[in-house]
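Step one of this worksheet: look at the structure below.
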Amino acid sequence: MQNSAKIRPWFRKHDDWWYVTRRLNGQRVQTKLAKGRENEAEAFQRFYELMAASGAVEVDPAVSFNELCHLFLAWSKEHNASSTTAWYWGFLADFDDLYRGPVSKLQKRHVEAWLRNHTNWSQSTERQAITSVKRVLNWGFDQGYIAEIPRGIRGLKRPRMERREVVIDSDQHQQLLSATDEAFRRFLFAMRETGARPGEIRRVTANDIDLARGVWVLNEHKTRKKTGKPRIIYLTPAMIELSCELMRQAAEGPLFLNSRARPWTANAVRCRMKRLRGKLNLPNGTVAYSYRHTYATDGLTRGVPIADMAELLGHSNTKMISEHYAHLNQRIDHMRDAARKAGDP
């Protein structure tokens, strides 16, 4: 077994390629990684993917957090949904700009300094950032790449998950529709009608639509690994009509496109909602995900059983709805009527 501490990508000037030299079946083999001196990062990414795939990686005690991240992301690419790997990459690449030292020297203060650099991060985002760092270290320990998890990181506490309290009422929904373009109106309409996650709407394609059953069937989704099942999104008649219209316009690729006929990105949706929130003077916390909470709250208010709501939202049980999605305290008239019914002899 070769030791990756002794194997490193190197650059050949005369043909402008990055290479790695390895021994395979007793032979010395040079493998091309990336073209162009400026693509060193791409070369190292390819290097770690090769080494991890071949099982020929033994990390020395001075392994850097950067190296461990590359190994983890190569593994995640094989075992997780692409969206999950992208989620990890976003946080890890950002942390890498601050800390490039060895894992053994990583301390709690490094992570705390990273969080202080992002004054705009919410409590939930800070929780996700810490989760990403601890996940890499736990994975590295489980895989045998590091001898131990730094003591200070073991004791690093994550903030509690914030509960989103904002729901979007009918008047606010109409304001949002009136203040934006047709492309985003379709996106908002789909969130209102389906209760789907914004990321699910961004990625749905014509191949995911089963018109005969009136559903979207997403085989790659956030909870696939946990549930082992595809995500079924149940469509109203209005959503079936919109799906047909979008399928005629985009036979391939994502159906929901912006005004430039490009797929919506998570950041584009976030920025659009931020601008609309300011323009319309909507409450802080009015984000795309608020539609999902609104969908759950409205459904429960209208008498949809909580088990049915869990299925509609793609949850395996009712716990998430009870703890995070149901905002019945904001439906005063409904709860007063419930109190009347409960109090009647």
(message) Heavy atoms only, 1.4 Å probe, whole protein assembly: order His293, His118 by accessible area, highest first.
(response) His118, His293
(message) With a 1.4 Å probe and all protein chains kept in place, how do Lys134, Lys105 rank by accessible area, largest first?
(response) Lys105, Lys134
(message) Rg over Rh of region 89-135, using C-alpha atoms and the Kirkwood radius, what does it come to?
(response) 0.93
(request) Please arrange His110, His173 by accessible surface area, largest first, computed with a 1.4 Å probe and ligands excluded. (result) His110, His173
(request) Could you tell me what percent of the accessible area of region 191-303 is made up of carbon and sulfur, with a 1.4 Å probe and every protein chain present? (result) 50 percent
(request) First select every other residue whose beta carbon is under 15 angstrom from the beta carbon of Ser178; then total the charges, Lys and Arg +1, Asp and Glu -1. (result) +3
(request) Could you tally the net charge around Leu235, taking each other residue with its Cβ under 15 Å from the Cβ of Leu235, Lys/Arg +1 and Asp/Glu -1? (result) -3
(request) Quick one: grab the alpha carbon gyration tensor of region 237-299, order the square roots of its eigenvalues as a ≥ b ≥ c, and give me rounded if a/c is under 1.5, else prolate or oblate depending on whether a/b is larger than b/c. (result) oblate
(request) Please work out how much accessible surface Thr265 shows to a 1.4 Å probe, ignoring ligands, DNA and RNA, in Å² rounded to 10. (result) 70 Å²
(message) Give me the 1.4 Å probe accessible area per residue for region 68-154, excluding ligands and nucleic acids, in Å².
(response) 53 Å²
(request) On the protein heavy atoms, probe 1.4 angstrom, tell me the percent of accessible surface of region 63-178 carried by carbon and sulfur. (result) 45 percent
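The values are calculated or read from the model by the stated rules, or taken from the named source; none is laboratory data. No experiment lies behind these values; they were computed from the predicted model shown. All Cβ positions, even for glycine, are placed from backbone atoms using ideal geometry, and neighbour counts span all protein chains on display. Heavy atoms of the whole protein, side chains included, go into the accessibility calculation; ligands, DNA and RNA do not. Shrake-Rupley method; radii C 1.70, N 1.55, O 1.52, S 1.80 Å.
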